[in-house]
Amino acid sequence: MNAPVSARQQAELAQRIASDPTISAWVSASAGSGKTKVLTDRVLRLLLQEGQAANRILCLTFTKAAAAEMQTRLARRLGDWACADDAQLDAELLALGCEPSETLRRRARSLFAEVLELPGGMRISTIHSFCQSLLHAFPLEAGLPPQFSVVEEAEASALLADAREAVLAGGTAPAENLALMAGLVSAEDFSQVVTALMKERHRVASCIARCNGVAGLRLRLARLLGLEDGADEEEVIAALCDVPDEVARAAAALANHKNKTPRELAAKMRAWLELNSDRRSAQWQDWHACFFTSTGTLRTALAGIAAMEAEAARIQEMMGRLASCRLLSATEALLALAHPVLTHYDARKKSAGLLAYDDLIVIAQRVLKDP
């Protein structure tokens, strides 16, 4: 009978498997659970392979702190190997999943000096630093000025604010979209939304380009929201206010109910039904309130009345379409205003020979795909 395997042993086995450089591994774990250890072990096992040049290994991280931690751990482990006796070194190699041998011990002890002699040490850097060095090496292929520089966050925020003011104050922003956004968000909120979009501007621009502009994107969004018929908010409200005749008859019957609450509800319904179409549209929330409580549940007085329950379901469907219309209009207005701001922002960066950190990744990816 096999002895039970502890959680620690299971974790160590999983780490050893993930550190095998001959397989591709995706490691997802919480902070402090050993992700950096797995990466360090993986690099060490790569270095131990015969004929593997240390300068051919590239390690990318997201933060400078992580890159520095990797450098420190590798240097410490390789330094320990250089000074360890055979028993200590064999234990280290076995822990990595390697079978000790005289050849492997000799290789392990030589790695510290090999890495120490590398110009700049092991190639461990942030992804942004790597992309920047790549683009500096191939600026013409990337379509960049040779002496481009990376804009810092504070300067990027200032450039974005200038671009936003230039578009909004320059009379180029569509008036109807500007009016809609002004009714939905404050100037500060709009600024925050544009800042958030700035981080995704390459994806936004690509999406708009694939749809042949904001108008084309609106049509695609309309299909996704089930608004292929092109209905707008006014049309949906008008449809909501076009109440079936059987509902009016049910309201008349409800007026004769023995209890006071249903009779009062019937009176409110009849008062609303007597309005003309324009006034109904202006007061459509009153009709909604006749059927639903403030928490959105069907009023008890209407439960079990088929015509009223059917009307409640119809109102809910119309409310869903109304929400979709509003979402569509707000999205179109936001993109119609934000897209020229982001375009202006990119133009200002380009004229100054500047790149944002996210530009580095996007342009480097493009160069690597189509050099």
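The values are calculated or read from the model by the stated rules, or taken from the named source; none is laboratory data. As the structure is a computational prediction, the values presented were derived from the model and not from experiment. Cβ sites come from the backbone with ideal geometry, for glycine too, and all protein chains shown count toward neighbours.
Against the condition within 30 Å of Gly226 (Cα to Cα), touching a residue at least 12 places away in the same chain (Cβ under 8 Å) and surrounded by 15 or more Cβ atoms within 10 Å (Cβ to Cβ), how does Ala333 come out, does it pass? Considered against the rule, which asks whether it is within 30 Å of Gly226 (Cα to Cα), touching a residue at least 12 places away in the same chain (Cβ under 8 Å) and surrounded by 15 or more Cβ atoms within 10 Å (Cβ to Cβ), Ala333 comes out as yes.
In this structure, Ala108 does not satisfy being loosely packed, with under 12 Cβ neighbours inside 10 Å and either free of Cβ contacts under 8 Å to residues at least 60 places away in the same chain or under 19 Å from Leu39 (Cβ atoms) (or both). Among the residues of segment 292-321, just one is farther than 19 Å from Glu246 by Cα and buried (at least 19 other Cβ atoms within 10 Å of the Cβ), namely Arg321. The number of residues in segment 38-83 that are of a type outside the set (Lys, Arg) and without any contact (Cβ under 8 Å) to a residue 24 or more places away in the chain comes to 9.
Determine whether Ala289 is crowded, with 19+ Cβ neighbours inside 10 Å and aliphatic (A, V, I, L, M). Considered against the rule, which asks whether it is crowded, with 19+ Cβ neighbours inside 10 Å and aliphatic (A, V, I, L, M), Ala289 comes out as no. So which pairs qualify, if the first residue must be in segment 356-371 and in a loop (DSSP other than H, G, I, E, B), the second must be among the hydrophobic types (A, V, I, L, M, F, W, C) and surrounded by 17 or more Cβ atoms within 10 Å (Cβ to Cβ), the Cβ gap must be under 6 Å, and the two must be at least 6 apart or on different chains? Filtered contacts from segment 356-371: Ala356/Val151; Ala356/Ala156.
This table checks each residue for (1) within 33 Å of the chain's Cα centre (by Cα); (2) surrounded by 13 or more Cβ atoms within 10 Å (Cβ to Cβ).
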{"residue": "Leu221", "(1), (2)": "yes, yes"}
{"residue": "Glu228", "(1), (2)": "yes, no"}
{"residue": "Ala231", "(1), (2)": "yes, yes"}
{"residue": "Leu240", "(1), (2)": "no, yes"}
{"residue": "Glu246", "(1), (2)": "no, yes"}
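Between Ala11, Ala7, the distinction of being free of Cβ contacts under 8 Å to residues at least 40 places away in the same chain, surrounded by 11 or more Cβ atoms within 10 Å (Cβ to Cβ) and either of a type in the set (A, V, I, L, M) or closer than 24 Å to Ile127 by Cβ (or both) belongs to Ala11 only. If you go through segment 307-354 and keep only what is within 26 Å of the chain's Cα centre (by Cα) and of a type in the set (S, T, N, Q), you end up with Ser324, Ser329, Thr331, Thr343.
Identify the residue in segment 185-212 that is part of a helix (DSSP H, G or I) and of a type in the set (Ser, Thr, Tyr) and, among all such residues, is farthest from Asp359 (Cα to Cα). Per the stated criteria, the residue is Ser191. The set of residues from segment 339-371 being crowded, with 19+ Cβ neighbours inside 10 Å and among the basic types (Lys, Arg) comprises just one member, Lys349.
For (1) free of Cβ contacts under 8 Å to residues at least 12 places away in the same chain; (2) outside any helix (DSSP H, G or I), each residue gets a yes or a no:
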site: Gly216; (1), (2): yes, no
site: Ala222; (1), (2): no, no
site: Arg270; (1), (2): no, no
site: Gly296; (1), (2): yes, yes
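Restricting attention to segment 255-271, the residues that are crowded, with 16+ Cβ neighbours inside 10 Å and touching a Lys or Arg at 6+ places or on another chain (Cβ under 7 Å) total 1.
The set of residues in segment 343-358 that are touching a strand residue (DSSP E or B) at 6+ places or on another chain (Cβ under 8 Å) and not basic (Lys, Arg) comprises Gly353, Leu354, Leu355, Ala356, Tyr357. In segment 156-184, the residues that are part of a helix (DSSP H, G or I) form Cβ pairs under 8 Å with partners that are modelled with pLDDT of 85 or more and of a type in the set (Asp, Glu), at six or more places apart or across chains, as follows: Asn177/Glu332. Quick check on Leu144: is it buried (at least 20 other Cβ atoms within 10 Å of the Cβ) and at negative phi? So Leu144 does not fit the description; no.
When the helices (runs of 4 or more DSSP H) confined to segment 25-104 are screened for residues that are among the acidic types (Asp, Glu), in contact with a Lys or Arg (Cβ under 7 Å, 6 or more places away or on another chain) and surrounded by 16 or more Cβ atoms within 10 Å (Cβ to Cβ), none reaches at least 1 such residues. All conditions in (1) without any contact (Cβ under 8 Å) to a residue 24 or more places away in the chain; (2) farther than 30 Å from Val193 by Cα hold for Ala248, with the sole exception of (1). Taking the conditions (1) assigned to a helix (DSSP H, G or I); (2) touching a Cys at 6+ places or on another chain (Cβ under 9 Å) in turn, Leu227 satisfies each one other than (1). For Leu328, are the conditions met, namely being among the aliphatic types (A, V, I, L, M) and over 28 Å from Glu235 (Cα atoms)? It is false that Leu328 is among the aliphatic types (A, V, I, L, M) and over 28 Å from Glu235 (Cα atoms).
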